[in-house]
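Structure, as structure tokens:
Each value in this text was obtained by applying a stated rule to the coordinates, not by laboratory testing. On a predicted model such as this, the values are computed, not experimentally measured, just so you know. Cβ placement follows ideal geometry from the backbone for every residue including glycine, while neighbour counts extend to all protein chains displayed.
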Amino acid sequence: MNVCVIGAGYVGLTTSAVLADLGNYVYCVEKDEQKVETLKNGHCPIFEPQLEPLIKTHLKNDRLYFTSNLAKAINDSSIIFIAVGTPTLSDGSTNLSFLESVIEELSSCIHSYKVITTKSTVPIGTNQKIIDELISLGVPSHLFDVVSNPEFLREGSAIQDMLQPDRIVIGGKGNEPIHSIKQLYEPLKAPYLVTSLEGAEMIKYASNAFLATKISFINEMSKICDSYNIDIEKVAEGIGMDPRIGPHFLGAGLGYGGSCFPKDLKALTYLAKQKQIIPYLLEATKTINDQQVEFFIEKLMKTEPDLIDKKITIWGLSFKPNTDDIRESQSIKMIKLLSAKGYHLHVHDPVVNIPLSNTTFYESLYDSIEQSDVLIIATDWELYKQADWSLVSKKMKGNLLFDCRNCILPETISHFGLHYLGVGRL
Ligand code: UDX
């Protein structure tokens, strides 16, 4: 099939590369000409495992084409994916200006039947508004259908997630558009869930809200475990064995960050309040997450009250491993809070290097801990889990390892004379 994907951001690029991989001809349309040039040359503007090689492969075999020419891409395609950013504003409402301008541009390019598919996460009712808007802009209703097809991929494993989805959610009306989307994803052999436009919009918000709630739940449990000397990892394992709970997203730590959970939780809270519903659970999830970094700093201060003038090293800047995304990164929040308290920090990250006040960045992992009094792990990169602890203990002046992601086994490092501090760990 000929497919057009509008937006070469995170979701748009992954969708384009994977759809090309499934045998389709894909136009990925992006306004930013410089980005289009970079992509045409086979360079991926974001760090995402497997994405760049996939882009290169399908550029070479002419299945993937980057362009800023929307009209031609629309003309040649039967299915159009919209994957533009829908940022949340400070009051929780959603900025739909990118989406609105795409709809306006689209309206003048539709001359034959198209299935317009929204991948972007949008407030309830937005897809219906797209239909109304296209009609009011003069597009005959028989020339298009709108489908909501939310994306559940995770940064750091986006390609794998899209190639092996747990489910494909399709919201819409009528057999023809739903059949087209099913056909497109047929090679993936994934289960489908067909619902209304609003149902699909809500599934996306509810999924992210539930996962965020699971994280805040386990973080609350970890604080209780911490004060009763109970191992939270065993508790998570024990509760996760119940299939009604499941083992995933029970990793206690610094809390969630990233472009989705904080944004979508805020948007869903706003949507609830618009209907006079007080979303107690969503608010508690956010409150717990917001307090998590302060809780960790307090724990550090209780263990090492005299840290001023000492060398503190922080490993990890991205909001999670395998990405260069620092949006809502709990690690950066921690660095800013410690820096505001007057500490000078030494930081390392395998892919992120951004200027932060009161910090010195190190390219080399082991140089970053030279003469350090405390080592804090803020992002659970595999590199850190596999560190040479004998070398770490030799290079450090002090011996405190503060594992804010509970990603190191305490017994692994105790052999090397390092003192382990985690949360809810014995
Ligand atoms: C999330 C959803 O998982 C995905 O389905 C949706 O499409 C986009 O939002 P993403 O934000 O890329 O994906 O990352 P995810 O792996 O979900 O992690 C989000 C945050 O939660 C990270 O900061 C991570 O460190 C944290 N996390 C995750 C925990 O603190 N504990 C866990 O057990 C799991």
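What the table shows:
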{"quantity": "For the chain, share of DSSP beta bridges that run antiparallel, in % to the nearest 5", "calculated": "5 percent"}
{"quantity": "Gaussian network model of the chain, springs between alpha carbon atoms under 10 Å - residue of Leu391, Leu271, Leu184 with greatest fluctuation", "calculated": "Leu391"}
{"quantity": "Mean Cα-pair separation over length for the chain, i.e. relative contact order, pairs under 8 Å, 6 or more apart, %", "calculated": "12 percent"}
{"quantity": "At R0 = 51 Å, FRET efficiency that the Cβ-Cβ distance of Phe249 and Glu33 yields, to 0.05", "calculated": "0.80"}
{"quantity": "Rounded D (µm²/s) - region 2-195, Kirkwood Rh over Cα pairs, Stokes-Einstein at 37 °C, 0.692 mPa s", "calculated": "195 µm²/s"}
{"quantity": "Distance (nanometres) between label positions extended 7 Å along Cα→Cβ at Glu370 and Lys275", "calculated": "5.9 nm"}
{"quantity": "Under-5 Å amide H pairs with Ile376, H placed in peptide plane, nonlocal only", "calculated": "Thr313, Ile314, Trp315, Phe402"}
{"quantity": "Members of Lys56/Lys114; Lys31/Lys119; Lys333/Lys397; Lys31/Lys333; Lys310/Lys341; Lys119/Lys273 lying beyond 20 Å, as alpha-carbon distances in this model show", "calculated": "Lys56/Lys114; Lys333/Lys397; Lys31/Lys333; Lys119/Lys273"}
{"quantity": "Charge dipole (region 100-249, unit charges on Cβ, about Cα centre) - positive-most of Pro243, Ile224, Thr126", "calculated": "Pro243"}
{"quantity": "Region 291-421: C-alpha gyration tensor shape, a/c 1.5 cut-off, then a/b vs b/c", "calculated": "rounded"}
{"quantity": "Three-way shape label, region 156-305, alpha-carbon gyration tensor, a/c 1.5", "calculated": "prolate"}
{"quantity": "Within the chain: Cβ-based charge dipole about Cα centre, in debye rounded to nearest 20 (Lys, Arg +1; Asp, Glu -1)", "calculated": "340 debye"}
{"quantity": "Mean ellipticity per residue at 222 nm, deg cm²/dmol - from DSSP H runs of n ≥ 4 across the chain, formula -39500 (n - 2.57)", "calculated": "-13000 deg cm²/dmol"}
{"quantity": "Reachable aspartates and glutamates from Lys72, criterion Cα separation under 15 angstrom, eight or more residues apart if same chain", "calculated": "Glu30, Glu105"}
{"quantity": "Most mobile listed residue (Ile55, Ile354, Ile159) in the chain, GNM with C-alpha springs under 10 Å", "calculated": "Ile354"}
{"quantity": "Nearest-0.05 FRET efficiency for Lys182 and Glu105, computed from C-beta distance (R0 30 Å)", "calculated": "0.65"}
{"quantity": "Residues Lys129, Lys114, sorted so that the one with the fewest Cβ neighbours within 10 Å comes first", "calculated": "Lys129, Lys114"}
{"quantity": "Amide proton proximity set for Asp324, modelled H, under 5 Å, gap of 5+", "calculated": "Phe47"}
{"quantity": "Percentage relative contact order, region 291-421, counting C-alpha pairs under 8 Å, at least six apart", "calculated": "23 percent"}
{"quantity": "Asn41 versus Lys189: modelled label distance in nm, points set 7 Å from Cα along the beta carbon direction", "calculated": "4.1 nm"}
{"quantity": "Packing-based ranking, highest mean first, of 246-259, 145-158, 97-110 given that Cβ atoms within 10 Å are counted", "calculated": "145-158, 246-259, 97-110"}
{"quantity": "Assigned charges on the beta-carbon of Lys, Arg, Asp, Glu; region 291-421 dipole about Cα centre (debye)", "calculated": "220 debye"}
{"quantity": "Paramagnetic label zone (point 7 Å from Cα along Cα-to-C-beta, Asn69; backbone N under 14 Å) in region 26-55", "calculated": "27-30"}
{"quantity": "Cα-based shape type of the chain, given that a ≥ b ≥ c are square roots of the gyration tensor eigenvalues and the cut on a/c is 1.5", "calculated": "prolate"}
